[in-house]
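Here's the structure we're looking at; comments come further down.
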Amino acid sequence: MQFAQDGYKVSGINISELKAHFGTPLYVYDGEKIIEQLKKLQTAFAGCDVKVKFAAKALTNISILKLLKKNGSGVDVVSINEARLALKAGFEANEIMFTSNCIDLEEVSEGVSLGLNINLDNLSILEHFGKKYGNSYPCCLRLNPSILAGGNYKISTGHKLSKFGIPIEQLDQINALIDRYYIKVNGLHIHTGSEISDTEVFLKMASILFEWAKDFSNVKFLDFGGGFKVAYKAGDKETNVDEIGTHLEKLFEQFESATGRKLQMWIEPGKFLVSDAGYLLTKVNTVKRNPTVTFVGVNTGLNHLIRPMMYDAYHEIENVTNLTGVQETYTVVGNICETDTLGSDRKLNEVREGDILAIKNAGAYGYSMASNYNSRFRPAEVLIYKGKAQLIRERDTFEDILRGQVEAEF
Ligand code: LLP
């Protein structure tokens, strides 16, 4: 978002214009920023034969998927429906990584029949898969490395108590299944969590993946998952992807010279690609001056952006329609019948009813985690690309609230 004399803009388009044209609440994405982030990763890991697979769960809009496809990304999906969306967006089946968890063989088999890369995360599904496919279809193994990483415990997935991945301590059981069913393991995968800024975590993952790859002779790629951190506020530490790239390039080279095998590097960034590119624009419905707190009540809430409530996530908020107002301290809350505080004790230019607030870093896990709670409509989504703002999802209507409901007869 840029500040100009005539107001705040997203990729050159005035926010007031966006509001007038599309209404609020509104998700707005800056397409050029998404591509810039993709290029950053492609450049940082260029020495590692990298394949970037966008974690579609972060922002599943088909137009965003198409934009990423057009710019050389693959995609990581977590359900068969995300896979269908990715195929519809134009991804080839072999560009799609299907990293599911706790699903049944039926869903895995749908993935196989679509020709996806299959990533398995527990011994039971590995056994079912082996029984059904033997060595006729390869799979990747998602490992749980017992590393505690990530910004918040809830988004940390590689530790001992996490449900994700096959614990590395179960190597013997994995090998027994491979031997029994002739399973062909073509990749090894670790995703330790989200918002990891510590280079050491990626290097620890690398040492496990390379160590295992020595013994798994059919392995063609190592998948480091996502988790690259972006800044949510001034002074926040970002993942230094260039530094990680420099280290990993050496490790891939060492592996190749020791084994004669050249491996690909796969990554599955979600937040890194789309978080900072997204804004949730919301209108101020009410300013409620209580004796101790001044609340700003807006026309969005946890139904549209659940991250502050679910992970105590911090999202910067700015009043984009009062450029000169004197700053005051406000607590910004949603209009949902829950305590849905979007930001406490925030300094904002004087907020008046009707002002527009921009909630930042809303591109990842914003709309994709939105709901119709309180029977409210999910917002519209707009993509700004090459100077043009395009509606990429309509705001819900009352028909959406009723869709699928069947009225019982009494
Ligand atoms: N790969 C796998 C296997 C994952 O489970 C995830 C995220 C990613 C990649 C992408 O992670 P990222 O680069 O976006 O950190 N809803 C939470 C984050 C949950 C992430 C779930 N898995 C949030 O809003 O913080």
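The values are calculated or read from the model by the stated rules, or taken from the named source; none is laboratory data. Remember, it's a predicted structure, so these values are computed and weren't measured experimentally. Backbone-built Cβ (ideal geometry, glycine too); neighbour counts: all protein chains shown. Surface accessibility is based on the protein's heavy atoms, side chains included, excluding ligands, DNA and RNA. Shrake-Rupley method; radii C 1.70, N 1.55, O 1.52, S 1.80 Å.
Of the conditions (1) open to solvent by less than 10 Å² (accessible area, probe 1.4 Å); (2) under 26 Å from residue 371 (Cα atoms); (3) part of a strand (DSSP E or B), residue 348 fails just one. Which one is it? The failed condition is (2).
Return the only residue of 273, 251, 263 being under 26 Å from residue 300 (Cβ atoms) and either assigned by TED's automatic domain parsing to the domain that holds residue 23 or touching a helix residue (DSSP H, G or I) at 6+ places or on another chain (Cβ under 9 Å) (or both).
Details: 251 fails: under 26 Å from residue 300 (Cβ atoms); 263 fails: under 26 Å from residue 300 (Cβ atoms).
Answer to the selection: 273.
A search for C-beta distances below 6 Å between a residue of the range 46-60 that is at positive phi and any residue that is outside any helix (DSSP H, G or I) and open to solvent by 10 Å² or more (accessible area, probe 1.4 Å), counting only pairs 6+ apart in sequence or on different chains, returns 49/264.
Residue-wise test of (1) within 12 Å of the ligand (Cβ to nearest atom); (2) in contact (Cβ under 8 Å) with a residue 60 or more places away in the chain; (3) crowded, with 16+ Cβ neighbours inside 10 Å.
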| position | (1), (2), (3) |
| --- | --- |
| 307 | yes, yes, yes |
| 320 | no, yes, yes |
| 324 | no, no, no |
| 333 | no, no, yes |
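For the range 101-153, a tally of residues being part of a loop (DSSP other than H, G, I, E, B) and either in contact with a His (Cβ under 7 Å, 6 or more places away or on another chain) or open to solvent by 20 Å² or more (accessible area, probe 1.4 Å) (or both) returns 16.
Here the range 353-379 is the region considered, the condition is being away from the ligand (no atom under 16 Å from the Cβ) and in contact with a strand residue (DSSP E or B) (Cβ under 7 Å, 6 or more places away or on another chain), and the residue that is nearest to residue 271 (Cα to Cα) is 358. A count restricted to the range 325-345 and to residues that are closer than 12 Å to residue 302 by Cα and in a loop (DSSP other than H, G, I, E, B) stands at 7. Scanning the range 32-59 for residues that are open to solvent by less than 20 Å² (accessible area, probe 1.4 Å) and not in a helix (DSSP H, G or I), we see that the one that is nearest to the ligand (Cβ to nearest atom) is 55.
Here residue 190 qualifies as touching a Leu at 6+ places or on another chain (Cβ under 6 Å) and at pLDDT 95 or above.
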